[in-house]
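Participant: Sharing a structure here in structure tokens format.
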Number of protein chains: 2
Amino acid sequence: MEVIHTIKEMRQLIASWRKEGKTIGLVPTMGWLHEGHFSLIREAKEQCEKVVVSIFVNPLQFGQGEDYEEYPRNLSRDAEGAKTAGAQVIFAPAVKEMYPQGFKTFVEVERITEKLCGASRPGHFRGVCTVVSKLLNIVQPDQAFLGQKDAQQVAVIKAMVKDLNMPIEIKVAPIVREADGLAMSSRNVYLSAEQRKTALVLSRALEEGEKLILAGERKTDRIKKMIEQVIKPEEMVKIDYIALCCGEELEEVEELSEQGQCLLALAAFVGKTRLIDNLVVGW
Amino acid sequence: MEVIHTIKEMRQLIASWRKEGKTIGLVPTMGWLHEGHFSLIREAKEQCEKVVVSIFVNPLQFGQGEDYEEYPRNLSRDAEGAKTAGAQVIFAPAVKEMYPQGFKTFVEVERITEKLCGASRPGHFRGVCTVVSKLLNIVQPDQAFLGQKDAQQVAVIKAMVKDLNMPIEIKVAPIVREADGLAMSSRNVYLSAEQRKTALVLSRALEEGEKLILAGERKTDRIKKMIEQVIKPEEMVKIDYIALCCGEELEEVEELSEQGQCLLALAAFVGKTRLIDNLVVGW
């Protein structure tokens, strides 16, 4: 598996592929790849002739006191997994390669970045948008593949690509879950056996919320309350937010419309580990 | 002369050129083209097989109370001039085409945007960077051509392109001046005959500053003082700033180094018209 560490070499490879008329897919990741990432890589391989997986733990999207230092890393294992899933190359630049001295340009999406995860993680999406802009400009893919697990990130990057007229198609693949329902996340590795078990309450709570909507409940307060009540008994879990959002703007409403679709999203700390999960519910 | 108003049509033309393997140059402008713009177009024609001139008076880079509404516009005259200078196509989108409802993404360069024009025009460079990002993503040129007249804009866009790894080369062409020394600007049209004459003091003052540097003066305070003294007698002129800046960061120093190069830049109101001018001085 080829692992490229410099922007220059990445550009050269891309240029040679372009010359051959190949279509290119990018799967941007922070590494510690799991089945969720692999599903994106397989989808990219399905759609594009060449697949680049970027692995970069982006310091810009971590806040103070967050887990930038501890974030799990294992490039050789990731390379192996990405290869098996169908990638041609890993792009794994160093922090200095991406943010050399004097770096001072940032991409910001307003409004939809201020709620949900953006409210608890100020600057997070600014970091995400800036690094994704860079990756898209370096790799110049036809399509980029994102996981629905990071639902707000998907909405933010879609807005950015649309607003800035980036010539790229954003593809979104569904959340991949463990057999017991826990959404796959690189951060699951932080969980103790007990926490791991407790964390199941998050997907269970979302399902209870979904049931309530499908049963006809339209008041979002009541739906959120129900989700909260499912989680509350677990003392190890601290809810960050529970939200029902509609449309591209992730608008939070008091009452759902008669027919429609919404994003049921939550974030919670299980011990010190912040986990997110969501369901798209249509009724 | 082909004038394209939609992003979709522009992309189609670019795609057809790319298929033919053509190199593409972009000259981004706000229209009301003058000899300065034409020199950029001619340079673009020299370097690239196809030349796009964008004409878009970008509301995002105008502050409250600035001249967005009054900014001179004449698309048919511009199209004629751009054609003569060697452009293949004008891209002249409407404001709604560039900023449809829900637009919320912005590109920001820090630090070097806070001084000089950025200090008097908060948000200006954010508007510039955002629209230039969009234009570069729409046209996807090999090279973009900017005028040294907007020296800070050049520094800011170079920083943005470098930081975000945009696959584009920025070319800079020298200031074009009227026979009597006034830097060409679309805003010169605002000047009355008397103001037009008075405005000459700006380029004269920069030249006096240059002479002082070449004569060995290294204290930037004294150089700025000299420039100020040349302008002061003109009651119609109100100085916004006078600055000596070094390097990519436009660093303002107290004392120039023994050998080097700096940007001697100023902005001033002549009546209600804000004009800028600069000289690159090497010694």
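The values are calculated or read from the model by the stated rules, or taken from the named source; none is laboratory data. All of these numbers come straight from a predicted model, not from anything done at the bench. Note: ideal-geometry Cβ built from the backbone for every residue, glycine included; neighbour counts use all protein chains shown. Note: accessible area is taken over every heavy atom of the protein model, side chains too, but ligands, DNA and RNA are not part of it. Shrake-Rupley method; radii C 1.70, N 1.55, O 1.52, S 1.80 Å.
Participant: For the protein assembly as shown, report the translational diffusion coefficient in µm²/s to the nearest whole number, using Stokes-Einstein at 25 °C, 0.890 mPa s, and a Kirkwood Rh over Cα pairs. All intermediate terms of the calculation are to be shown ahead of the outcome.
Facilitator: Working: Rh = 26.3 Å.
My calculation gives 93 µm²/s for D.
Participant: Can I ask one more? With every protein chain kept in the model, how would you rank A:ASP180, B:ASP67, B:ASP240 by accessible area, 1.4 Å probe, largest at the top? Spell out each step's value before the answer.
Facilitator: Values: A:ASP180 75, B:ASP67 25, B:ASP240 50 Å².
Ranked from most to least accessible, the order is A:ASP180, B:ASP240, B:ASP67.
Participant: If you take every residue apart from B:SER16 with its C-beta less than 15 Å away from the C-beta of B:SER16, what net charge results, scoring Lys and Arg +1 and Asp and Glu -1? The partial results should precede the final answer.
Facilitator: Numbers: positive: B:LYS8, B:ARG11, B:ARG18, B:LYS19, B:LYS22, B:LYS50; negative: B:GLU2, B:GLU9, B:GLU20, B:GLU49.
After counting each charged neighbour, the total is +2.
Participant: On C-alpha positions alone, give me the angle between the axis of helix B:7-19 and the longest principal axis of chain B, in degrees, nearest 10.
Facilitator: Computed tilt is about 80 degrees.
Participant: Return the calculated 222 nm mean residue ellipticity for chain B, to the nearest 500 deg cm²/dmol, obtained by summing -39500 (n - 2.57) across DSSP H runs with n ≥ 4 and dividing by the residue count. Mind dumping the intermediate values first?
Facilitator: On the way: 10 runs with 108 residues, N = 283.
Taking each H run of at least 4 residues, the total per residue is -11500 deg cm²/dmol.
Participant: Considering only chain A, pick the residue with its Cβ nearest the axis of the rotation onto chain B, and state the distance in whole Å.
Facilitator: Whole-Å result, nearest residue of chain A to the axis: A:VAL107, 3.
Participant: Out of the total accessible area of the stretch A:2-173 (probe 1.4 Å, heavy atoms of protein only), what percent is carbon and sulfur?
Facilitator: Details: 3320 of 6960 Å².
Answer for the stretch A:2-173 is 48 percent, counting heavy atoms of protein chains only.
Participant: OK, next. Between B:ALA173, B:VAL156, B:ILE138, whose Cα lies farthest towards the positive end of the dipole of the stretch B:2-173 when Lys and Arg beta carbons carry +1 and Asp and Glu beta carbons carry -1, centred on the Cα centre?
Facilitator: So the residue we want is B:ILE138.
Participant: Please quote Rg/Rh for chain A to two decimal places, taking the Kirkwood radius as Rh and restricting both calculations to Cα atoms.
Facilitator: Values: Rg = 19.1 Å, Rh = 19.7 Å.
Here Rg/Rh amounts to 0.97.
Participant: Right, another one. A:GLU169's amide H: which non-local residues (gap 5+, or another chain) put their own amide H closer than 5 Å, with H modeled 1.01 Å from N in plane and none for Pro or chain starts?
Facilitator: Hits under the 5 Å cutoff: A:GLN143, A:ALA144.
Participant: Can you tell me, using C-alpha contacts under 8 Å and at least 6 residues apart, the relative contact order of the stretch A:186-278 as a whole percent? Don't skip to the answer; put the middle values down first.
Facilitator: Working: 135 pairs, mean separation 29.7, N = 93.
Value for the stretch A:186-278: 32 percent.
Participant: Another question about this same structure. Among A:GLU249, A:GLU46, A:GLU235, which one shows the biggest mean-square fluctuation in a GNM of chain A, springs joining Cα atoms closer than 10 Å?
Facilitator: A:GLU235
Participant: Same structure, new question: In the stretch A:90-125, what residues drop by 50 Å² or more in accessible surface going from the chain by itself to the full protein assembly, probe 1.4 Å?
Facilitator: Buried by the other chains: A:LYS104, A:THR105, A:PHE106, A:GLU108, A:GLU110.
Participant: Quick one: which residues, 5+ away or cross-chain, put their amide H under 5 Å from the amide H of A:VAL51? H built at 1.01 Å from N.
Facilitator: Sorted by chain and number, the residues that satisfy this are A:GLY25, A:GLN88, A:VAL89.
Participant: Going by alpha carbons, how many degrees (0 to 90, nearest 10) lie between the helix axis of B:124-139 and the longest principal axis of chain B?
Facilitator: Helix B:124-139 sits roughly 30 degrees off the main axis of chain B.
Participant: Based on Cβ point charges of +1 for Lys and Arg and -1 for Asp and Glu, what charge dipole magnitude is obtained for the stretch A:2-173 about its Cα centre, in debye rounded to the nearest 20?
Facilitator: Details: 22 positive and 21 negative charges, 78 e Å.
Rounded to the nearest 20 debye, it is 380 debye.
Participant: If you don't mind, another one. What are the label-to-label distances in nm, one decimal and shortest first, from B:PRO233 to the same spot in the other copies, with labels 7 Å along Cα to Cβ?
Facilitator: So the distances to the same position in the other copies read 9.0 nm.
Participant: What is the sum of charges around A:VAL95, taking Lys and Arg as +1, Asp and Glu as -1, for the other residues whose C-beta is under 13 Å from the C-beta of A:VAL95?
Facilitator: Details: positive: A:ARG73, A:LYS96, A:LYS134; negative: A:GLU69, A:GLU97.
Around A:VAL95, the charge tally is +1.
Participant: Connecting C-alpha atoms closer than 10 Å in a GNM of chain B, tell me which of B:VAL132, B:VAL27, B:VAL253 has the biggest fluctuation.
Facilitator: Looking only at B:VAL132, B:VAL27, B:VAL253, the biggest GNM fluctuation is shown by B:VAL253.
Participant: Could you state the orientation-averaged shadow area of the convex hull built on the Cα atoms of the stretch A:227-283, in nm² to one decimal?
Facilitator: Numbers: hull surface 17.4 nm².
For the stretch A:227-283, the mean projected area of the Cα convex hull comes to 4.3 nm².
Participant: Among rounded, prolate and oblate, which fits the stretch A:145-283 when a ≥ b ≥ c are the square roots of the eigenvalues of its C-alpha gyration tensor, a/c under 1.5 means rounded, and a/b larger than b/c means prolate? Intermediate values should be presented prior to the final figure.
Facilitator: Values: a/c = 2.08, a/b = 1.18, b/c = 1.75.
In terms of gyration-tensor shape, oblate.
Participant: Which aspartates and glutamates, if any, have their Cα less than 14 Å from the Cα of A:LYS171, not counting same-chain residues under 8 positions apart?
Facilitator: A:GLU43, A:GLU46, A:ASP142, A:ASP150
Participant: Run the dipole for the stretch B:186-278 about the Cα centre, Lys and Arg Cβ at +1, Asp and Glu Cβ at -1, nothing else charged, and hand back the magnitude in debye, nearest 20. Please list the in-between numbers first.
Facilitator: Details: 14 positive and 18 negative charges, 123 e Å.
For this selection, approximately 600 debye.
Participant: Follow-up question, since we're still on this one. Give me the residues in the stretch B:132-178 whose solvent-accessible area, probe 1.4 Å, is reduced by at least 20 Å² once all protein chains are included instead of the chain isolated.
Facilitator: Buried by the other chains: B:LYS134, B:ASN137, B:GLN140, B:ASP163, B:LEU164, B:ASN165, B:PRO167.
Participant: So if I place +1 on the C-beta of Lys and Arg and -1 on the C-beta of Asp and Glu, and nothing else carries charge, what would the dipole magnitude of the protein assembly as shown be about its Cα centre? I want it in debye, nearest 20.
Facilitator: The dipole of the protein assembly as shown has a size of about 680 debye.
Participant: Are any of the pairs A:LYS104/B:LYS83; A:LYS104/A:LYS149; A:LYS211/A:LYS232; A:LYS50/B:LYS8 more than 28 Å apart by Cα-Cα distance, and if so, which? Kindly include the intermediate steps, with their values, before the conclusion.
Facilitator: Details: A:LYS104/B:LYS83 37 Å; A:LYS104/A:LYS149 30 Å; A:LYS211/A:LYS232 18 Å; A:LYS50/B:LYS8 26 Å.
Beyond 28 Å: A:LYS104/B:LYS83; A:LYS104/A:LYS149.
Participant: Could you give log10 I(q)/I(0) at q = 0.12, 0.19 Å⁻¹ for the stretch B:1-111, computed by the Debye formula over C-alpha point scatterers of equal weight, without solvent?
Facilitator: -0.47, -1.07
Participant: Here's something else I'd like to know. With springs only between Cα atoms under 10 Å, which of A:LYS197, A:LYS83, A:LYS115 fluctuates most in a Gaussian network model of chain A?
Facilitator: A:LYS197
Participant: Continuing with this model, one more query. When the scattering of the stretch B:100-214 is computed by the Debye formula from its Cα atoms alone, each counted once and equally, what is log10 I(q)/I(0) at q = 0.11, 0.17, 0.19, 0.23 Å⁻¹?
Facilitator: Result of the Debye calculation: -0.49, -1.00, -1.12, -1.30.
Participant: Given a 1.4 Å probe and no ligands, DNA or RNA in the count, how much accessible surface is buried by A and B, both sides, to the nearest 100 Å²? Can you show the working numbers first?
Facilitator: Values: alone 14120 and 14130 Å², together 25640 Å².
Counting both chains, the buried surface is close to 2600 Å².
Participant: Taking each label point as 7 Å beyond Cα in the direction of the beta carbon, state the distances from B:GLU114 to the same residue in the other copies, shortest first, in nm.
Facilitator: 2.3
Participant: In the stretch B:186-278, if the dipole is taken from +1 on Lys/Arg beta carbons and -1 on Asp/Glu beta carbons about the Cα centre, which of B:LEU191, B:VAL237, B:GLY216 is farthest to the positive end?
Facilitator: B:LEU191
Participant: May I ask you to give the percent of accessible area on the stretch A:186-278 that is carbon plus sulfur, with a probe radius of 1.4 Å? Spell out each step's value before the answer.
Facilitator: Details: 2330 of 4990 Å².
Reported share for carbon and sulfur atoms: 47 percent.
Participant: For the stretch B:51-140, what is the relative contact order in percent, using Cα pairs closer than 8 Å and at least 6 residues apart in sequence? Please report the intermediate quantities before stating the final value.
Facilitator: On the way: 82 pairs, mean separation 38.6, N = 90.
In percent, rounded to a whole number, it is 43.
Participant: Next question, about the same structure. Could you provide, to the nearest whole Å², the per residue accessible area of the protein assembly as shown with probe 1.4 Å?
Facilitator: Numbers: 25640 Å² over 566 residues.
Accessible surface, normalised per residue, equals 45 Å².
Participant: Can you give me the relative contact order of chain B as a percent, contacts being Cα pairs under 8 Å and 6 or more apart?
Facilitator: On the way: 509 pairs, mean separation 48.6, N = 283.
The normalised contact order for chain B reaches 17 percent.
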